[in-house]
Amino acid sequence: MRSDAVELPEGVTKGQADQIEIEEGRRNVQPQMLAATGCQTVWPTGFQVCGAILDAYREIGGTLSWLGPPKSNELTNPDGVGKRSEFYGGSIYWHPDTGAHAVTLDGMRQWGTLKWESGPLGYPTSSPIDTNVPLTQMQKFTGGDNYYNPLTGGAVWGDIKQRYDELGGSHHAIGIPITNEMSNGDRYRYNNFSNGTISWRNDRQTRFMYLATKKVWDALGRETGKLGWPTTHELAYVPGVAHHVDFGMNATILWGAAVGARELTGGIVTLWNQLGGIDGLGLPHISSTSFEDSVMQRFEKGAAWATEDGIAHMGGVVDGTIRSQQIEEVPTEKDAPESAGLRSASRSGTGDIIYPKNPGVDPHFLIRRGYWDPQDLPGVGFGADKAKYKHGVTRWDMVEAANTSETSTYFSPTESGAEGWETKVFFKACSFGKCEEYADPVILRHIYLAENREWFKGVPGRNASDDTADLGLVNAFCGQDDKIVVNFCPERMRETKRFGRFF
């Protein structure tokens, strides 16, 4: 008996299989009866497969195919018209308008999320089709296409399917559908894909973007969020290196292969474009908070801060190169005017590190609390206390950004072994697609010491077992113009406003 050599499906006993084999032998004596009924009882389960479904089953390979033996006789579907037979490896569905087509178990699972033939896909019109994606197949239906693999699945139909097909389907970089069509409010529907999303609006427009950009858009509420509906697909400045998606309300999401995706909104979009875009400030770096909650945005070639009246920025300069200057600091009483409301620093805690580094940037930019007393001899003091109380510098992120800015130029400080850098900071107010200066630029200068030198008063000891880091920032101060006191930074460089959609 065949049951002695073949492993039986779960739920089928040897006795049942042997009895089916005996009955098969009897029917083979009467071939005319088999042809008349249009059905075949299949070993080892004993269920009958009939008509067009039987033809499709035989074409696939019968019990030796991926379908295996039947689990049921022919069944009538809930619509009262279509038929199906269930097998251990899938099912075959038949309808007079579409014919008979097999569906795999993974295909059945995904199709079932849409209520099988009674859902938007309707009946299958093709057999399973292998795609270019490993382990993934697709199948055509009267209402759309079904994509599936052992882990994921999704179906596309209507305008989203049309857009996906125009892109090249699974051969496009957006990948395969991993969700069915979903809604976001009354006007929008979308499918997510393994590497992006396609969105649809009720005026039948569609937009697509890739995964990194999608994640930022998702976090901001997608179509009904703060950025709203995209006005473009994801477009490339340089394919695979730098992309953008533009939105209404003066907003964009920028993506770079090296920096990830980041949204820009309001006046900073205008400023970014005016300063040369990707060729000016370059792409934005990812930060840990949403853009609306940020006080600074770093770019590949500069940085920007929100101020009371607009935006302060360095980098993206389009009007020439900043010239370096020889600086010799001469402390006087007017360096720290009484009107500044600043106090002198204490001499304790000089080794405390208040700004340890910029994450991901090498070398690290280190700032210690330091020390300064206006009663001391000229040139005495270092670090954050000196920069803060003598020169009104409190934006350490601005000083650190100046240290790495492409627009910074070198000067030789009087301190032995130290390095000096100067960067021009601009102040722009942006509205109605245009940015104009609202204050004169200021030269921000800083002195950095990469080696610990004992000649600094109050410097952390080099021999301390728990302190082997560089001394770091020695001092930071501003240049002179007709609006500010010598070496004292204006208030607009100390503000910590927040970026919003508008200014």
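Table: residues versus (1) modelled with pLDDT of 90 or more; (2) crowded, with 17+ Cβ neighbours inside 10 Å; (3) under 22 Å from K301 (Cα atoms).
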residue	(1), (2), (3)
Y371	no, yes, no
A384	yes, yes, no
E400	no, yes, yes
S405	no, yes, yes
A418	no, yes, no
S431	no, no, no
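Condition check: in contact (Cβ under 8 Å) with a residue 24 or more places away in the chain and more than 20 Å from L75 (Cα to Cα). Does T131 satisfy that?
Working: in contact (Cβ under 8 Å) with a residue 24 or more places away in the chain: yes; more than 20 Å from L75 (Cα to Cα): yes.
Taking the combined requirement at face value, the residue satisfies it.
Need the failing condition index for G392 against (1) surrounded by 17 or more Cβ atoms within 10 Å (Cβ to Cβ); (2) small (G, A, S); (3) in contact with a strand residue (DSSP E or B) (Cβ under 7 Å, 6 or more places away or on another chain), just the number.
(3)
Would you be able to say whether some residue in the stretch 175-189 is farther than 23 Å from T224 by Cα and in contact (Cβ under 8 Å) with a residue 12 or more places away in the chain? Give the derivation first.
Filtering the stretch 175-189 down to residues farther than 23 Å from T224 by Cα leaves 175-176.
From the residues that got through so far, the ones that are in contact (Cβ under 8 Å) with a residue 12 or more places away in the chain too are 175-176.
The answer is yes, given that some residue of the stretch 175-189 is farther than 23 Å from T224 by Cα and in contact (Cβ under 8 Å) with a residue 12 or more places away in the chain.
Per-residue answers, yes or no, for (1) aromatic (F, W, Y); (2) at pLDDT 95 or above; (3) in contact with a Phe, Trp or Tyr (Cβ under 7 Å, 6 or more places away or on another chain):
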residue	(1), (2), (3)
R204	no, yes, no
A219	no, no, no
R222	no, yes, no
G225	no, no, no
P230	no, yes, yes
A251	no, no, no
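So the check is Cβ under 6 Å with 6+ separation or different chains; which pairs have a first residue in the stretch 405-420 that's over 15 Å from F365 (Cβ atoms) and a second one that's modelled with pLDDT of 85 or more and hydroxyl-bearing (S, T, Y)?
Pairs that qualify, where the first residue is over 15 Å from F365 (Cβ atoms) and the partner is modelled with pLDDT of 85 or more and hydroxyl-bearing (S, T, Y), are T407/T423.
Which ones in the stretch 177-207 are under 19 Å from P124 (Cα atoms) and not polar (S, T, N, Q)?
Correct list: P177, E181.
Considering only the stretch 145-156, I want to know if a residue exists there that is modelled with pLDDT of 95 or more, surrounded by fewer than 16 Cβ atoms within 10 Å (Cβ to Cβ) and charged (D, E, K, R).
No, the conditions are met nowhere in the stretch 145-156.
Identify, from the list E300, E292, E308, the residue that is within 16 Å of T252 (Cα to Cα), among the acidic types (D, E) and modelled with pLDDT under 90. It would help to see each step written out before you state the result.
On the way: E300 fails: within 16 Å of T252 (Cα to Cα); E308 fails: within 16 Å of T252 (Cα to Cα).
Among E300, E292, E308, only E292 is within 16 Å of T252 (Cα to Cα), among the acidic types (D, E) and modelled with pLDDT under 90.
Could we say that L444 is under 16 Å from A401 (Cα atoms) and modelled with pLDDT of 55 or more here? Explain how you work it out, then say what you get.
Working: under 16 Å from A401 (Cα atoms): yes; modelled with pLDDT of 55 or more: yes.
Yes: the conditions hold for L444.
Being of a type in the set (A, V, I, L, M, F, W, C) and assigned to a strand (DSSP E or B) is the filter; apply it to the stretch 177-224 and report the residue that is farthest from L254 (Cα to Cα). Full working, then the answer.
Within the stretch 177-224, the first condition is being of a type in the set (A, V, I, L, M, F, W, C), and the residues that meet it are 178, 182, 193, 198, 200, 208-209, 211-212, 216-217, 219-220.
Of the ones still in play, those that are also assigned to a strand (DSSP E or B) are 182, 193, 198, 200, 208-209.
Numbers: M182: 25, F193: 20, I198: 18, W200: 21, F208: 14, M209: 11 Å.
Ranking the candidates gives M182 first.
Could you list all residues from the stretch 420-429 that are among the hydroxyl-bearing types (S, T, Y) and surrounded by fewer than 19 Cβ atoms within 10 Å (Cβ to Cβ)? Talk me through it step by step, then tell me what you get.
First, pick out the residues of the stretch 420-429 that are among the hydroxyl-bearing types (S, T, Y): 423.
Passing the criteria: none in range.
The values are calculated or read from the model by the stated rules, or taken from the named source; none is laboratory data. Treat the numbers as computed from the prediction; the structure is a model and nothing was measured. All Cβ positions, even for glycine, are placed from backbone atoms using ideal geometry, and neighbour counts span all protein chains on display.
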